[in-house]
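Accompanying notes for the structure given below.
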Amino acid sequence: MSIHRVYELLIRGFRRRRMQRFVDTFQPTDETTVLDVGGTPYNWEQIDARFPITLLNTEPSKIGDRDSRYEWVQGSGTRLDFADQSFDIAFSNSVIEHVGSLEAQQTFARELRRVGRQLWVQTPARGFFFEPHLLAPFVHFLPLSWQRRLVRNFTLWGWITRPSRAAVDRMLEGLRLLDYATFRDLFPDCEIRRERFLGLTKAFVAVRVAPPEPPLFG
């Protein structure tokens, strides 16, 4: 079984509920425009989205069947080649923890806030006991040197992928999980929502809902 299949099996229920909360929050119509930074059709299939979605990734799409709902764009989330407020909603799911340093995360957040009138950005909570990328409890609380020693043989990700030392280093160096205070500072104009599991905060979602348009005539 591939690691991607394992991820899909584990997150399916969580993701479907999260996307329903997205729909409940924004009430998108067929004309709503969405920029999904770092995404694929998977999230949008959970709600059978009918509105136009731009999927932006650093790598070109390898998906051959191009649904007309999607526009595929290659680019960087830290340098979005779109005008200010050019999308009704800027969306990102479990991406900001992968972009690198705090400075890169700050740039990523600013770009999303700039191009979207409304915002939905999710990230796993660093304080949750289970690390969702390595698929193991507590390992992300350990010093990096300990993680390097343990990841290959004491995480589900390591058992399935059997990574080289270099692959382990790339995985660990490419992850920067966020706590509540840091995430709130990245999105100062947003409501920070908590997703909970077993009473514990599993993830954070930054949400900005644009106020309704004023009437043309008072």
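Name every residue in segment 175-213 that is without any contact (Cβ under 8 Å) to a residue 24 or more places away in the chain, open to solvent by less than 80 Å² (accessible area, probe 1.4 Å) and within 19 Å of residue 114 (Cα to Cα), in order of residue number. 192, the sole residue that qualifies.
Across segment 80-109, the number of residues qualifying as touching a Lys or Arg at 6+ places or on another chain (Cβ under 6 Å) and surrounded by 17 or more Cβ atoms within 10 Å (Cβ to Cβ) comes to 2. Here residue 32 passes the criteria (1) part of a loop (DSSP other than H, G, I, E, B); (2) modelled with pLDDT under 95; (3) open to solvent by less than 30 Å² (accessible area, probe 1.4 Å); (4) among the polar types (S, T, N, Q) except the one numbered (2).
Pairs meeting the criteria (first residue in segment 34-46 and closer than 11 Å to residue 19 by Cβ, second residue among the acidic types (Asp, Glu) and at pLDDT 90 or above, beta carbons under 9 Å, at least 6 apart or on different chains) are 43/36; 44/36. The condition of being under 15 Å from the mean Cα position of the chain (by Cα) and either more than 21 Å from residue 26 (Cα to Cα) or of a type outside the set (Val, Ile, Thr) (or both) holds for only one of 150, 175, 198, 142, that being 175. Within segment 99-123, residues that are within 23 Å of residue 15 (Cα to Cα) and touching a residue at least 24 places away in the same chain (Cβ under 8 Å) have Cβ atoms under 6 Å from residues that are part of a helix (DSSP H, G or I) and open to solvent by 50 Å² or more (accessible area, probe 1.4 Å) in no pair, counting only partners at least 6 apart in sequence or on another chain. When 40, 25 are screened for being open to solvent by 30 Å² or more (accessible area, probe 1.4 Å) and modelled with pLDDT of 95 or more, only 25 passes. Selection of segment 160-174 for residues being free of Cβ contacts under 8 Å to residues at least 40 places away in the same chain and either surrounded by 14 or more Cβ atoms within 10 Å (Cβ to Cβ) or closer than 24 Å to residue 108 by Cα (or both) yields 163, 167, 168, 169, 170, 171, 172, 173.
The values are calculated or read from the model by the stated rules, or taken from the named source; none is laboratory data. For clarity, every value in this text was computed on a predicted model and none was experimentally measured. Reconstructed Cβ throughout: ideal geometry from the backbone, glycine too, with neighbour counts over all protein chains shown. We work out accessible area using only protein heavy atoms, side chains counted, and drop any ligands, DNA or RNA first. Shrake-Rupley method; radii C 1.70, N 1.55, O 1.52, S 1.80 Å.
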